[in-house]
Every structure is written in structure tokens, then in C-alpha cells.
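Structure first, commentary second.
The values are calculated or read from the model by the stated rules, or taken from the named source; none is laboratory data. The model shown is predicted, which means the values in this text are computed figures rather than measured ones. Neighbour counts are summed over all protein chains in view; Cβ atoms, including those assigned to glycine, are modelled from backbone coordinates with ideal geometry.
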């Protein structure tokens with residue numbers, strides 16, 4: 001969503017202040033890989049171990065260790081930024097705080113009283129809400145403070161002589177790492193992944209104490225950032241001679257039905273004390289992304305390369321090969337997301353010393369100024385959504401199944417793209433996008449030099465922006481799902497009176513081109529206009545809301561930008577920002593697109609902190625979906641849109657700061673579909689038959705009052721019936737995206753619609769006047785899950801009447817209980833104003849629905865029974881099998 005503030009002082013010129021350290025623009029040796037496969041245990045010469053279990057944790061909010069990132073921590077970890085950029089081995093950080101003065105890094109410290117946790121971990125999500133000093137913008141949860149994590153790690157005598165690295169996929173934020181009391185290093189940006197070399201500090205044959213410190217201020221984000229080590233952590237053991245971090249880079253070209261060219265760069269690293277003559281061999285196999293297993297047959301091989309690498313150095317090796325009859329990667333469902341895997345082995349004197357796997361896809365992506373996006377030569381309209389990184393009531397702690405569920409529901413709606421707003425995602429999210437066939441606009445920054453909140457990225461921009469940008473690209477660039485890079489969102493540096501900021505945009509754009517010349521890049525702009533430095537610099541014109549007439553021109557910005565930049569593609573990098581609360585309908589239905597409705601409806605129902613679900617409403621900068629669709633249709637050169645947002649998320653509760661989560665989502669925080677879901681499905685998946693009618697039809701006290709009825713469908717004609725009597729047949733005209741009957745008078749009974757397309761029936765829907773709540777209905781999204789302590793089942797409970805129809809405004813308190821090898825991790829109902837802590841096993845239904853999330857017990861094998869009960873209603877249960 002937009003950040004609104006006055007323009008910055010003219011005196012702050014990016015040209016002179018962009019990089020205080022004068023970072024080199026040296027292109028470090030091409031090095032990238034799917035970090036999630038770096039590599040599984042059992043690969044020759046390499047072992048990758050998950051450090052999920054065995055952690056002790058404590059959070060402090062006052063003087064936990066006499067350390068502060070504002071004054072000291074940055075100097076501890078700064079050298080790793082330069083080391084990363086220049087491709088050199090990490091050096092011991094500078095700075096004065098010795099480990100001996102920090103008690104929590106000592107193996108002798110007794111942490112038995114600390115909490116036992118499993119990673120990924122978000123300390124704030126358990127609440128309570130209304131944490132002191134935390135705004136609604138950050139979700140009202142206790143993200144602030146210092147968190148210490150401690151864990152013992154044992155290295156055997158077999159590890160002697162190996163290179164050992166710690167890979168952290170994400171820690172929020174200002175992470176600093178100690179091993180055996182020695183400060184190893186860290187990384188301040190909480191969304192970026194990083195690697196530290198543990199080798200100089202480890203002890204073989206005994207316990208080693210790994211300690212990680214993270215710190216969040218009260219104002220470090222505009223949305224819920226999460227807190228703690230909220231992504232995966234890995235221990236990687238290799239031979240001193242090995243493929244480097246993010247150590248392969250694969251590109252594909254010259255595609256035809258008969259063959260495709262695959263180019264590979266391998267970064268060979270020698271951490272030993274003597275030069276090595278190394279043989280580099282790589283073979284390509286088909287790859288089953290769902291199972292993570294290579295296929296049995298070699299489909300192509302690269303010619304063996306031989307390289308001599310000096311001690312302490314790394315050397316790139318480049319080669320190419322042809323894959324016959326390639327199976328292409330493309331976005332679903334029009335194309336198939338086929339994957340391959342390159343298996344690279346390093347050998348010394350014919351003995352394999354390292355094996356490194358790189359999943360990739362064979363595909364081409366081009367973005368044309370007039371015709372939009374093409375994947376493998378086929379046009380693809382961008383039907384995308386922006387999404388923040390949390391998993392609702394699970395918080396920011398990454399969970400693969402929770403992320404998979406989000407993507408699957410977006411695909412059901414017809415979405416083929418996501419934008420990672422506004423930061424690097426978890427590596428596994430990109431794995432999922434590869435596997436499911438979702439295009440990705442991969443984004444890194446929300447701010448540069450100017451603050452949006454007091455302690456956001458601007459505090460470290462000068463020292464860390466280049467390292468973060470290069471790290472971001474090197475980690476992600478082998479993913480076929482990524483179609484473009486975004487290096488900024490609604491930057492205050494858009495100010496046209498600051499010409500140096502255009503230069504800054506050029507510098508970042510050129511860094512991206514150097515790291516990955518195969519993809520274009522963009523910035524999401526909400527008030528730059530043609531001819532300003534930032535607009536001049538970008539490869540793709542990304543417009544937030546301006547295309548719908550909310551920016552430089554009330555007629556919309558598409559035409560002026562297209563005229564000024566006829567060779568640059570344009571898309572809506574953020575569109576709509578529509579608002580609604582699931583199942584809430586408030587009368588009268590306002591005609592304007594920007595009305596926010598609250599208070600009480602005509603029936604006297606409390607609608608405080610709610611927005612009507614007629615899906616017509618938006619804040620001042622936004623528009624209804626209908627208006628966005630029209631603007632896109634009137635401008636055929638626009639490549640598509642990324643709607644704000646696919647899912648509700650924690651924080652940014654516009655228009656009510658007193659709430660705890662957003663109203664923007666097409667799907668609510670619990671994962672229940674809002675009515676808007678079916679409006680987008682009709683638009684983005686027009687081949688999907690069906691009809692969706694709103695509102696519900698249970699309105700005691702509204703008899704005889706106007707109750708508009710809207711229908712979402714991709715059909716072209718529809719007839720409405722009220723208690724069996726036709727209320728009229730309508731034809732949907734050009735630039736109309738819903739059927740509307742705005743003068744219907746409510747009478748109990750039923751309202752139904754029949755929709756037609758090309759004269760044939762396309763779909764029907766009916767809403768009945770329901771009776772009193774009688775029982776609970778319960779269902780699970782999956783009744784079989786893995787017993788790994790990580791897999792999830794999402795349990796939906798509906799309050800229904802005697803006929804099994806959902807009671808649309810039911811708010812009954814529901815008690816959840818569980819038996820068997822699992823636990824209820826959290827509950828929710830999708831109400832942005834519900835301040836009940838997420839771990840609570842009692843949750844009021846909202847608009848008739850509630851959710852419980854069940855996680856298996858590690859090592860589980862057995863039946864899990866979840867029971868939902870409520871006073872005066874028949875209870876219900878569902879069984880889940882864990883194995």
C-alpha cells in the first residue's frame with residue numbers, strides 16, 4: 001500500500017550520499033543456486049543439516065546484554081558486506097565486544113530456564129495484542145526487544161579438516177552469531193539470507209555453543225515484520241575444495257522443439273592451504289520438484305573442465321550444452337512447470353570431493369512494450385497479487401505447507417503471478433513457485449535513504465544496500481519462476497527535484513544487470529511521472545494505482561507513460577487496494593468507489609471496524625476492482641497487474657488503525673474467500689463455470705427495504721429470481737464486470753441467479769434465509785499429513801442451521817480440543833478486529849466461520865482427532881492421519 005508523506009528536503013542529494021563506503025561495482029564471480037538444496041545429507045563430499053531442534057530462547061526488552069545495534073552492532077558485522085561484494089572469504093568482524101563479556105555466548109551459561117523452541121520461530125505471534133509501543137501498522141504484537149537463541153552443536157572427529165558454514169535463511173533483524181564465545185559475524189537486513197564460516201571457531205569431538213542474537217525496535221516496519229529466527233537455519237559441511245556459496249548460475253536460450261542451449265557457470269572455491277587441480281563435471285537430469293528427486297536418466301552433460309585454484313581463492317568455470325527435445329517450464333495452467341536439475345561434481349585426482357545440485361527450468365521470458373509478457377514465445381497476461389510474508393495466525397515463521405496453501409488458493413482464483421512485497425522471500429517460497437508454475441516479481445527494498453518509519457532499512461542503506469542487492473540476486477537467479485526484479489517500492493526518492501536519485505536508480509539497475517543480464521528490472525512508482533529521473537532509469541514502468549487515475553492524471557497514467565517510453569513495458573505493480581470484511585454487508589450501498597462504510601447497518605448490527613463486502617470500496621489512493629479492470633482493458637499494451645493484496649496480512653489495518661490486520665486481501669487472514677475472490681476468478685479464469693451471488697439472504701428487520709444483489713461470473717447474461725419471481729434478465733456490457741440488481745426489496749425466502757454464456761447455462765447460485773444455529777460442521781483441507789512436526793492441516797468450522805446452511809452472522813464461541821499425535825497451533829476467524837491471542841483454543845466464529853491449524857508431532861504415526869464444540873450446538877469432529 002502507498003506510503004504518504006511530504007517530499008524530502010532538497011539538500012539530500014543521492015548523487016553525493018548514495019554509498020558512503022564507495023562500494024566497488026565489481027561483478028563477483030557468477031554464483032547462484034537453489035539454496036534449499038545445498039545439499040541433502042549423503043551427497044558425496046557435502047552434508048547439509050537442518051538446525052531445527054534443540055534451541056533455547058529468551059526475549060529481553062531492557063538491557064539484555066549491554067549491547068545495541070545502533071551504536072555497536074553495525075561495526076561488528078560490517079566487514080561481511082565488503083567480503084560478500086568482493087567475493088572474498090569472510091574475515092573475523094572488527095569491533096570491541098569480546099565474547100568473554102557477553103554471558104549468553106558462553107557454554108557455561110545455564111539456560112535451563114529459557115524457553116525450548118523449534119525453528120523457524122516467531123516470538124511475537126503468540127501475543128498478546130496491543131503490545132506497548134507497537135502500532136496497528138505493525139500488527140499490535142510484541143515484536144520489539146532482543147532475542148537470544150542458544151544451541152549445542154557437536155562436531156565429530158570426521159569433521160576435522162572440513163569447511164563448515166552456517167546458512168541462515170532469515171532472522172529479524174540485526175543478527176549476530178557467536179560460536180564458542182567467538183563473534184563470527186552477522187547480517188542486519190532481516191529478510192536476506194546469509195552464510196558465515198564457522199570453521200576457524202569450531203571444536204571437533206566436543207560440544208560447541210552456537211549463540212544468535214537478534215534485535216527489533218518498536219518502529220522497524222510498516223507491516224508486521226515478525227521477530228526472531230523466522231526462517232530455516234542450516235549447517236553445511238564441505239571439503240575445503242567445493243562449489244562456493246550460491247555457486248552455480250544457469251541460463252537457457254535458443255529454444256525449439258528439438259533442442260535448447262543451457263549455459264552454466266560453476267564457482268569453484270579452494271579454502272585449503274595448497275593449490276588444487278580440480279575436474280568439474282556436470283550432468284543434467286529431469287527433476288521432480290514435488291519429491292525433490294532427480295530422474296533416473298541423464299538428458300545432457302557438460303564437457304569436463306579442469307581448473308587450478310590457488311589456496312584461499314575461487315575460480316569460475318563456464319560451459320554450455322544442448323538438451324534434446326526440452327520439456328519447458330511455464331506458468332500453469334496454460335503451460336507446464338517442467339524442471340531439470342544440474343548435478344555438479346568436483347574431483348581431485350579423480351576422487352569426488354563435492355557434489356552440488358541446481359534445480360532449474362528451461363524457458364524464455366520476454367516483456368514487450370506493446371504486447372506484454374511472453375513465456376516460451378506465448379503471451380501471458382499477468383494476473384498477479386502482492387503479498388506480505390506472514391502466514392496469518394502462524395506469524396512470520398516460515399512453513400512450507402502454509403505457503404503452498406496460499407499459492408494454491410491464488411491459482412484457484414486464476415492468478416499466475418506474485419510480487420514479493422516488499423522484500424526477499426523465503427527460499428522455499430520460490431521453490432514452490434517453480435513447482436506450481438507461478439511467475440514471480442522478486443522484490444528487495446521498501447526504502448532507500450529516507451525513512452518511512454524510524455528504524456527501517458534507511459538506517460543501514462548506505463553500508464548494506466549493495467551487499468543486500470547482490471546477495472538477493474545471487475541466491476535467487478536460478479529460479480525459472482522469477483520473471484523480473486524489483487529494487488524499490490514507492491520510494492520517497494521519486495521526487496523529481498532530486499536528480500541524484502535517478503543516478504541511484506541507474507546504479508542499482510546496472511548492478512542487477514551485472515548479476516543477471518537475462519531479466520529486466522523495475523521500481524514500483526506511485527508518483528513519479530514521465531521524464532523524471534527514476535522513471536527514465538527503470539527497464540519496466542511499474543505503476544502503483546496511477547493507471548486507474550489516482551496518480552498524475554485523473555484520466556490515468558498509462559497513456560502518458562506509454563507515449564514517453566514507447567520501448568518500455570508497463571504494468572500495474574500495485575492495483576486496486578480494495579477493502580472489505582468477509583461476510584459484512586452495510587446499507588445503503590454507496591455509489592462511489594472510495595466510500596468507507598462503518599458504524600451500524602440498517603438492521604442495527606454492529607459494524608464498527610468493518611468494511612462492506614459489496615467489493616466497491618477502497619481508500620483514497622485505490623479503486624474498486626471494476627475500475628482497475630476497465631483501465632486495463634482500455635489500454636491493451638499494459639502487461640497486467642499485481643493487485644494489493646491476494647491475502648490479508650498482519651499489520652496495516654487501513655482504514656482502522658485500532659484493528660490488527662489488513663482489509664485489502666481477496667482472501668482473509670484465516671484463508672476464507674471473500675466475495676471478491678469470485679470477481680477476480682471471473683476475470684482471471686473466464687473458462688471457470690459458475691456464479692457467485694451476494695449478499696446473504698437472512699436480514700430480519702429489513703423486510704421491504706432495498707437490498708441490492710450483485711453477481712460475479714464470467715457469463716454474459718444473468719437472470720435473478722426473488723422467491724421464484726424474476727427480477728429481470730441482464731446482459732453484461734463492455735467494461736461491466738458484475739451483474740447488478742440495485743433495487744431489490746428484501747423478503748425472507750431465497751434469491752437465486754441463473755447465468756448464461758453464449759446462450760447456454762453457465763452457472764447458478766442461491767442464497768436462502770437460514771434458521772437459527774443448530775450445529776457445527778467441521779472439515780479439514782487434508783486428512784493425511786506427514787508426522788514430521790512441521791506439516792499442517794487447516795480445519796474449518798462452520799456454524800450451520802438445521803438444513804446445514806451457514807448462519808451468515810453467527811459469532812458463537814467455539815472451543816477446540818485435540819487428541820492423538822498433534823497439536824492445535826493457532827485459531828483464527830478472519831476478523832481484522834479480533835484481539836483474541838492466536839494460540840487460544842476458544843475462538844468466536846466470524847460471519848459463521850472459524851479456523852484451527854493442526855500440526856503433527858515429530859515422529860508421529862497415528863490418528864489425530866479434532867473436536868469443535870459450542871454451547872447449545874451439536875459438536876463435530878474430524879480425523880486426520882499422521883504418518
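Below, the figures for the structure above:
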{"item": "Residue check, residue 446 over 13 Å from the mean Cα position of the chain (by Cα), under 20 Å from residue 485 (Cβ atoms) and in a helix (DSSP H, G or I)", "result": "no"}
{"item": "Meets criteria (in contact (Cβ under 8 Å) with a residue 40 or more places away in the chain and assigned by TED's automatic domain parsing to the domain that holds residue 641) for residue 413", "result": "yes"}
{"item": "Enumeration of residues in region 320-347 that are surrounded by fewer than 17 Cβ atoms within 10 Å (Cβ to Cβ) and either touching a helix residue (DSSP H, G or I) at 6+ places or on another chain (Cβ under 7 Å) or assigned to a strand (DSSP E or B) (or both)", "result": "320, 322, 324, 332"}
{"item": "Near pairs, Cβ below 7 angstrom, 6+ apart or cross-chain, from region 384-398 (free of Cβ contacts under 8 Å to residues at least 60 places away in the same chain) to any residue that is surrounded by fewer than 24 Cβ atoms within 10 Å (Cβ to Cβ) and in a loop (DSSP other than H, G, I, E, B)", "result": "391/399"}
{"item": "In region 693-708, the residues that are in a strand (DSSP E or B) and surrounded by fewer than 22 Cβ atoms within 10 Å (Cβ to Cβ)", "result": "706"}
{"item": "Test for residue 377: is it at positive phi and either free of Cβ contacts under 8 Å to residues at least 40 places away in the same chain or surrounded by fewer than 24 Cβ atoms within 10 Å (Cβ to Cβ) (or both)", "result": "yes"}
{"item": "Filter result for residue 151 (at pLDDT 95 or above and either assigned to a helix (DSSP H, G or I) or at positive phi (or both))", "result": "no"}
{"item": "Among (1) in contact with a strand residue (DSSP E or B) (Cβ under 9 Å, 6 or more places away or on another chain); (2) touching a residue at least 40 places away in the same chain (Cβ under 8 Å); (3) surrounded by fewer than 18 Cβ atoms within 10 Å (Cβ to Cβ), the one test that residue 275 misses", "result": "(2)"}
{"item": "Filtered residues of region 392-412 (kept if in contact with a strand residue (DSSP E or B) (Cβ under 8 Å, 6 or more places away or on another chain) and in a helix (DSSP H, G or I))", "result": "392, 393, 394, 401, 402, 405, 406, 407, 409, 410"}
{"item": "Members of region 225-254 that are touching a helix residue (DSSP H, G or I) at 6+ places or on another chain (Cβ under 9 Å), in a loop (DSSP other than H, G, I, E, B) and under 20 Å from residue 148 (Cα atoms)", "result": "225, 231, 232"}
{"item": "Failed criterion for residue 298 (all others in (1) within 30 Å of residue 415 (Cα to Cα); (2) without any contact (Cβ under 8 Å) to a residue 40 or more places away in the chain hold)", "result": "(1)"}
{"item": "Sole exception among (1) in a loop (DSSP other than H, G, I, E, B); (2) buried (at least 22 other Cβ atoms within 10 Å of the Cβ) for residue 466, by number", "result": "(1)"}
{"item": "Failed item in (1) surrounded by fewer than 24 Cβ atoms within 10 Å (Cβ to Cβ); (2) more than 20 Å from the chain's Cα centre (by Cα), with residue 176 passing the rest", "result": "(1)"}
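So that you can scan it fast, the table gives a plain yes or no per residue for (1) surrounded by fewer than 20 Cβ atoms within 10 Å (Cβ to Cβ); (2) touching a residue at least 12 places away in the same chain (Cβ under 8 Å); (3) under 30 Å from residue 729 (Cα atoms):
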position: 745; (1), (2), (3): yes, yes, yes
position: 748; (1), (2), (3): yes, yes, yes
position: 755; (1), (2), (3): no, yes, yes
position: 761; (1), (2), (3): yes, no, yes
position: 781; (1), (2), (3): yes, yes, no
position: 786; (1), (2), (3): yes, yes, no
position: 792; (1), (2), (3): no, yes, no
position: 799; (1), (2), (3): no, yes, no
position: 803; (1), (2), (3): yes, yes, yes
